[in-house]
């Protein structure tokens, strides 16, 4: 059994497995070299040969306990027919939304558009570099994808009241998302994903209707993954109550952000926990980094815990600091 599965399924506390969100990405010089000649991010995600190389780059460097596929949560709107592009120094930019067009998207069309993602997983599933390691597939949660599909750009400055004005549109999109996210999950598992992580990156923006936007749609996905026989990790970033979320949604593991108090959390949670470290700790010095890592490892010493960050690794992170992080976690006693 892999180290992460040992923690997830057997609730073992013998070791702290480690992987990092966005571990395959911009902080790595070998990734930046590939990116120079591949400016179209969506096309790069759909180039299964290059995506495989990118996915394995951090495994070969650091020996993490899991590979997470090089892809993006916005592949689902793309598969549903919405235009998705990434602009430099701006981020994602989505095209207009047409319900009539959404209604004619078939399962076959969706799978065909995203087939390179499944080919990527299939190739990785046979990679010798991933022996005794997990292969993590992922999806965006319905709320976060809804935000991008309606807002069309990153909601870093929050959502306007106008976002909620078309309730019919919101309900229709949520229904479509439930269907197509599940299709994407199924095909990732069929291709070799051993764990699914659900990223709700903008869960912190939800002010009301938590059942409609957070609990019910995520529970639907969690139950679907469990029925397919695979563990599921949820990361509802920015919510105020991880305990309530965990008790309602019942993921196999909960990923926490860096604003939550881990010491308080373990008093009320009996499921495995992942993450928490502020990615900015990797931008500090090695002594500060060591203190922060040790703080999390000490708190979770008697609780099943996978070491990870409270958000994705930052592009300015130095490679030597990641080596230091791995060394500290691996040698912790």
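None of the figures in this text is laboratory data; all of them are computed from the coordinates on show. Values in this document were obtained by computation on a predicted structure and should not be read as measured data. Here Cβ is always computed from backbone atoms with ideal geometry, including for glycine, and neighbour counts include all displayed protein chains.
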Ranked output for segments 323-332, 199-208 by mean other Cβ atoms within 10 Å, highest leading, reads 199-208, 323-332
For segment 216-242 and segment 90-119, compute the distance between their C-alpha centroids and round to whole Å.
-> 22
Calculated from DSSP helices alone, with each H run of at least 4 adding -39500 (n - 2.57) and the total divided by the residues of the chain, [θ]222 nm to the nearest 500 comes to -13000 deg cm²/dmol
When DSSP beta bridges are limited to those with both residues in the chain, what percentage is antiparallel, rounded to the nearest 5?
-> 20
Measure nothing fancy, just the Cα-based angle from helix 286-299's long axis to the longest principal axis of the chain, in degrees from 0 to 90, nearest 10.
-> 80
Descending packing, highest mean Cβ count within 10 Å first, for 16-28, 182-194, 121-133 is 16-28, 182-194, 121-133
C-alpha long axis of helix 115-125 to longest principal axis of the chain, angle in ° | 20
Euclidean distance between Cα centres, segment 266-332 to segment 56-75, Å | 17
Cα-based Rg / Dmax (Å) for segment 118-176 = 17.7, 51
Choice from 144, 15, 160 showing the highest fluctuation, given a GNM over the chain with Cα pairs closer than 10 Å | 160
Measuring from centroid to centroid over Cα atoms, what is the spacing of segment 246-265 and segment 133-206 in Å?
-> 19
In degrees, nearest 10, the alpha-carbon axis of helix 319-330 is tilted away from the dominant principal axis of the alpha carbons of the chain by 60
Segment 143-295: radius of gyration and largest Cα-Cα distance (Dmax), Å = 16.9, 53
Per-residue Cβ contact counts at 10 Å, fewest first, order 230, 222, 243 as 243, 230, 222
Could I have the simple spin-label model distance between residue 160 and residue 85, label points 7 Å from Cα toward Cβ, reported in nm to one decimal?
-> 2.2
Scattering curve values for the chain, log₁₀ I(q)/I(0), Debye with Cα scatterers, q = 0.09 Å⁻¹ | -0.45
With T = 37 °C, eta = 0.692 mPa s and Kirkwood Rh from C-alpha pairs, the Stokes-Einstein D of segment 9-91 in µm²/s is about 228
